[in-house]
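Below is one structure, written out as structure tokens; the observations come after it.
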2 protein chains.
Amino acid sequence: MRRTTIRDIAAAVGASPATVSKVLTGRGDSLISDTMRQRIRESARELGYSPNLAARALVTGRTYCIALWSETLADYHAAVANALLDVLRPSRYEMVITDVVKHPDWYAYFQRNAPWPVDGIIALDSPQSVEAYLATSAGRNTPVVSIGAYYWEHTDHIGVDLGAGVRQAAHHLAEQGCRRIAHLTCDHGMRPGEPRRLAYEEAMVDLGLEPRLLVTGQSSREDARLTVRDLVGSGQLPDALLCFNDETAIGAYRGLRDLGVRIPDDVALIGCDGIQDTAYFDQPITTIVQPVNELCRSAWQCLQTRLDEPDAPRQSRMLKADLMIRESSLRIGRPVEAAANPITKAARTGEEPRPDHALPQEA
Amino acid sequence: MRRTTIRDIAAAVGASPATVSKVLTGRGDSLISDTMRQRIRESARELGYSPNLAARALVTGRTYCIALWSETLADYHAAVANALLDVLRPSRYEMVITDVVKHPDWYAYFQRNAPWPVDGIIALDSPQSVEAYLATSAGRNTPVVSIGAYYWEHTDHIGVDLGAGVRQAAHHLAEQGCRRIAHLTCDHGMRPGEPRRLAYEEAMVDLGLEPRLLVTGQSSREDARLTVRDLVGSGQLPDALLCFNDETAIGAYRGLRDLGVRIPDDVALIGCDGIQDTAYFDQPITTIVQPVNELCRSAWQCLQTRLDEPDAPRQSRMLKADLMIRESSLRIGRPVEAAANPITKAARTGEEPRPDHALPQEA
DNA sequence: CTGAAAGCGCTAACAA
DNA sequence: TTGTTAGCGCTTTCAG
């Protein structure tokens, strides 16, 4: 059976499609007589009408749909997607997730298939895709906000400065008495200009310590776990691991525990991103917390402004990622910081924790 | 500047829009002269053309876009979304995530705003939305596959039987010597007909044990943690907690550890869903693993079949969720099962684990 | 091999 | 208060 259209409704009530449209969209609603409005509404309900949004989008040029571009939907990226969904909930916008690695040749992709038409794009950690996109005519018409630790600066963007967090982390480890602080990174982390690695190297110079890079293939838990197991076997164990992200840190945690290495006594451990999981380990893992909610709120606000005023000047904002100190890096105790984290506090003192969320990311 | 259309290209090369369309879509490509094809392609590239998919969808009736309906994008649901993205990657389909709780009044919603037009829908754990949707005329035309532990059976569906896993879990706990096995559930888990609770109660009858329901508000980690802390304080500690899901189990893990309760010695712990995190704790958490990849593969296959043959008979399939035994429920040792899990094995024996993923969900 | 014409379902001017 | 008309950008016959 064919899908119901406004013509069907118009025919059923003896009106014109235009009148039906006016009633159903609410635009010009008030100019229509009560009886007509009533009859159209009833008929729509009876026929199970729902509008064809492709047609509507074609004429209005608006889809009320925005895209989240991301390379994956795992872990931190999933948390961002979820937070963005929360931000969008009060609005009438839907979210389409476009898998940006899917399309290595962006030019060919945009020419043929183009991603689903949206009013705007929020591109998470995918500056190259943004760059390619902006070169197309779609890119000149559909605004994009580039967000995250990796962003394209020649368009609206909300960046996150992980470097500051990494430097904080390195100094914190030094204060805890660590001297052989290694950076456990991955192929991705070895790319030129990678902010985490650069910040680590810089901090090590500041501290007068010898940098050491340990590289695992993927930034996956299993890869990190196996890399760390090898490391333990080789006897070349550092006294602290500053990890590329939480996945790597969690894998390292497990790899160390597999072989009985104590955390933080033998090796102090720090992750990055601030995913929820890190808070629940026997030794909760210190991590550099990305301000996920603030990132999504800002991104959406920025995009809305852009939709309202396409010609407004470029907007940009930098957010800070702060160190959240927990057990996994506390060797000599820091009661002040520890007390700020309900989980840490509870585990250490047995006192009643504050009943709020384990990862208070923002004030 | 206006977005480039096929008319612009047609004008630029002195051809008609129809010819441009043929070349750019590849349909009728072969009937066009080489030179013309060449010039059109070049012009498209120069003008940064990308097609307006709303217009294309309007005429072809196809969007090459499917929706994932889910109430959230956290934890297990995020894992499903990610797995579905993987399944879709080789295809030319995009995925829209529609937040189904957003729209409590489905009828009003569909009448006015309707979700983004898609060729098909995969609805995860959202049977009520599916039911409401099928009553609309969109629902009669856009196929939906209902998947997960909660599904709507009067349409194509891929179900997951958690009951079997819960029964396995209860019996496993009894074999481990547990006698006071409580079910830690949440408001959601108390709804009538909830399969996990029913399977638990059934298993307890089989085992001749007294059932005990502990109810935490949300199925969140923090709620579970606080509930368990209260429980420890009250002195009414069971010797096993069979949890509603992994979130609850992880919160319980932390709540028990906060107060020095040993796992599994004092309290054995079992989660449900099989999210990756459970494998990385000091005492890896036994869990009932949902076959996420198989679920997504089946769902997509089912939907493709339906798109090809709209009038094919209803398809359905049930998948099993199996118990993955790990440390958190092993009190008397079960070397055979333990050896099957690389992480468990490694932690117990110090041997080299298989280098595969920590959570082999399917064969 | 190429173009003209029609129309997908809807909205927005403008007429009546 | 309602209807008529035109057209969004594209694809698809069908005619040349």
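The values are calculated or read from the model by the stated rules, or taken from the named source; none is laboratory data. Keep in mind that what you see is a predicted model, and the values were worked out from it rather than measured. For neighbour counting, all protein chains shown are included, and Cβ atoms are generated from backbone atoms with ideal geometry for every residue, glycine included. Areas reflect the complete protein model, heavy atoms only, side chains present, ligands, DNA and RNA absent. Shrake-Rupley method; radii C 1.70, N 1.55, O 1.52, S 1.80 Å.
Side notes on the structure shown:
- Residue within the range A:248-262 that is among the basic types (K, R), open to solvent by 30 Å² or more (accessible area, probe 1.4 Å) and over 20 Å from B:F281 (Cβ atoms) present: no
- Verdict on A:A279 being of a type in the set (G, A, S), closer than 23 Å to B:I285 by Cα and in contact with a strand residue (DSSP E or B) (Cβ under 7 Å, 6 or more places away or on another chain): no
- Residues of the range B:1-30 that turn out to be open to solvent by 60 Å² or more (accessible area, probe 1.4 Å) and at pLDDT 90 or above, as a count: 5
- All positions within the range A:31-70 that are more than 14 Å from DNA strand D (Cβ to nearest atom) and either open to solvent by less than 10 Å² (accessible area, probe 1.4 Å) or within 28 Å of the chain's Cα centre (by Cα) (or both): A:A44, A:G48, A:S50, A:Y64, A:C65, A:I66, A:A67, A:L68, A:W69, A:S70
- Whichever residue in the range B:136-153 is open to solvent by 30 Å² or more (accessible area, probe 1.4 Å) and touching a residue at least 24 places away in the same chain (Cβ under 8 Å) and, among such residues, is nearest to the other protein chains (Cβ to nearest Cβ): B:W152
- Close pairs from the range A:40-51: first aliphatic (A, V, I, L, M), partner surrounded by fewer than 17 Cβ atoms within 10 Å (Cβ to Cβ), Cβ under 9 Å, at least 6 apart: A:I40/A:I32
- Only one of the numbered conditions (1) at the interface with chain B (Cβ under 10 Å from one of its Cβ atoms); (2) outside any helix (DSSP H, G or I) is violated by A:A54, and that is (2).
- Odd one out for A:S219, checked against (1) assigned to a loop (DSSP other than H, G, I, E, B); (2) small (G, A, S); (3) surrounded by fewer than 20 Cβ atoms within 10 Å (Cβ to Cβ): (3)
For (1) assigned to a loop (DSSP other than H, G, I, E, B); (2) open to solvent by 10 Å² or more (accessible area, probe 1.4 Å), each residue gets a yes or a no:
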{"site": "A:A182", "(1), (2)": "no, no"}
{"site": "A:R197", "(1), (2)": "no, yes"}
{"site": "A:E210", "(1), (2)": "yes, yes"}
{"site": "A:L226", "(1), (2)": "no, yes"}
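Residue-wise test of (1) more than 13 Å from DNA strand C (Cβ to nearest atom); (2) closer than 26 Å to B:S91 by Cα; (3) within 8 Å of chain A (Cβ to nearest Cβ).
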residue: B:R3; (1), (2), (3): yes, no, yes
residue: B:P17; (1), (2), (3): no, no, no
residue: B:S21; (1), (2), (3): no, yes, no
residue: B:L31; (1), (2), (3): no, no, no
residue: B:A44; (1), (2), (3): yes, yes, yes
residue: B:S50; (1), (2), (3): yes, yes, yes
residue: B:T60; (1), (2), (3): no, yes, no
residue: B:C65; (1), (2), (3): yes, yes, yes
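- For the range A:67-95, the tally of residues that are in a strand (DSSP E or B) and either more than 8 Å from every other protein chain (Cβ to nearest Cβ) or modelled with pLDDT of 95 or more (or both) stands at 4.
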